[in-house]
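The values are calculated or read from the model by the stated rules, or taken from the named source; none is laboratory data. As the structure is a computational prediction, the values presented were derived from the model and not from experiment. Backbone-built Cβ (ideal geometry, glycine too); neighbour counts: all protein chains shown.
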């Protein structure tokens with residue numbers, strides 16, 4: 001009886017183990033079929049989108065460009081002469097005033113050379129040239145000597161501007177260079193002139209060189225003593241390709257810009273193409289590009305910091 005009981009227990013264990021294995025198989029099979037059914041109706045994996053960068057761009061222009069040196073100074077009479085008295089004495093009369101026109105030989109002032117107990121005929125100081133009185137140091141009752149100027153006369157109507165050029169810019173200065181002159185007294189207007197004189201020496205204290213600029217005073221609107229801003233045109237070029245300076249990128253020894261072109265892989269999009277360039281003159285934020293660009297090409301001027309060659313762009317301005 002004992003042997004039979006042990007046999008029955010073994011049969012039961014074997015049957016239970018088989019049942020457990022069947023249940024496990026059914027469960028895993030159902031999960032596999034469920035996953036297969038789900039995958040069968042699932043959508044394909046999404047393709048990552050290509051980023052599009054918003055940028056500002058302008059078209060390269062063709063035209064003139066002029067480099068200049070900006071200076072400032074006072075307008076002075078082109079040629080001035082001081083008039084003196086032939087005798088020392090007291091000024092007893094003035095025949096003219098500042099701004100008056102005089103001819104050569106016209107009386108300027110009467111000087112009485114009399115001393116206590118002596119009476120002399122008044123000496124008349126006369127103008128040595130024809131021109132305009134720009135200064136009258138002599139005043140009524142003033143005692144003057146033969147070395148004291150009675151009046152300062154500017155000959156003709158020529159005006160000039162004295163300017164001091166820093167030593168590092170001397171190589172850019174030459175005679176007859178054209179100049180553009182502006183004044184606060186005549187806002188929005190430009191006057192013309194040219195470099196007429198260059199000092200042969202440099203001031204060792206200020207490290208500057210003095211030059212003179214002739215002024216075309218049409219209509220006699222400019223006056224001696226006015227403050228003027230002068231642009232000396234040191235270089236002028238015609239028919240050059242120009243872009244804003246902000247378009248230029250200088251990194252790792254390279255100089256380049258990004259040009260906007262149609263994407264050859266998908267004409268519906270536009271891309272930024274890296275274009276090496278050679279830089280020329282830079283004047284007031286405008287850059288000359290002698291090599292690397294053609295007129296009317298569209299160049300990125302803002303938003304290019306994140307761009308790479310071939311990146312898709314959307315021009316918003």
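In segment 174-184, of all residues being touching a strand residue (DSSP E or B) at 6+ places or on another chain (Cβ under 6 Å) and in contact (Cβ under 8 Å) with a residue 40 or more places away in the chain, the one that is surrounded by the most Cβ atoms within 10 Å (Cβ to Cβ) corresponds to 179. When each of 131, 155, 89 is tested for being more than 30 Å from residue 66 (Cβ to Cβ), touching a residue at least 60 places away in the same chain (Cβ under 8 Å) and surrounded by 14 or more Cβ atoms within 10 Å (Cβ to Cβ), the lone residue that passes is 155.
Residue 169 meets the conditions (1) outside any loop (DSSP other than H, G, I, E, B); (2) in the same structural domain as residue 125 (by TED's automatic domain parsing) in every case but one. The failed one is (2). Anything in segment 185-224 that is surrounded by fewer than 12 Cβ atoms within 10 Å (Cβ to Cβ) and closer than 24 Å to residue 135 by Cα? List them, or say none. Within segment 185-224, 218, 219, 220 meet the criteria. Output yes when any residue across segment 193-206 is touching a helix residue (DSSP H, G or I) at 6+ places or on another chain (Cβ under 7 Å), at negative phi and not assigned by TED's automatic domain parsing to the domain that holds residue 96, and no when none is. The answer is yes; a qualifying residue exists. Kindly establish whether residue 150 is at pLDDT below 90, out of contact with any helix residue (DSSP H, G or I) (no Cβ under 9 Å at 6 or more places or on another chain) and within 30 Å of residue 102 (Cα to Cα). When the stated conditions are applied, residue 150 does not pass them.
For the structure I just gave you, tell me whether residue 290 is over 30 Å from residue 196 (Cβ atoms) and either under 22 Å from the mean Cα position of the chain (by Cα) or assigned by TED's automatic domain parsing to the domain that holds residue 192 (or both).
yes
In this structure, does residue 76 turn out to be within 19 Å of residue 220 (Cα to Cα) and at pLDDT 85 or above? For residue 76, the condition - within 19 Å of residue 220 (Cα to Cα) and at pLDDT 85 or above - is met.
Given the structure, is residue 72 assigned to a strand (DSSP E or B) and either surrounded by 16 or more Cβ atoms within 10 Å (Cβ to Cβ) or outside the structural domain of residue 199 (by TED's automatic domain parsing) (or both)? Considered against the rule, which asks whether it is assigned to a strand (DSSP E or B) and either surrounded by 16 or more Cβ atoms within 10 Å (Cβ to Cβ) or outside the structural domain of residue 199 (by TED's automatic domain parsing) (or both), residue 72 comes out as no.
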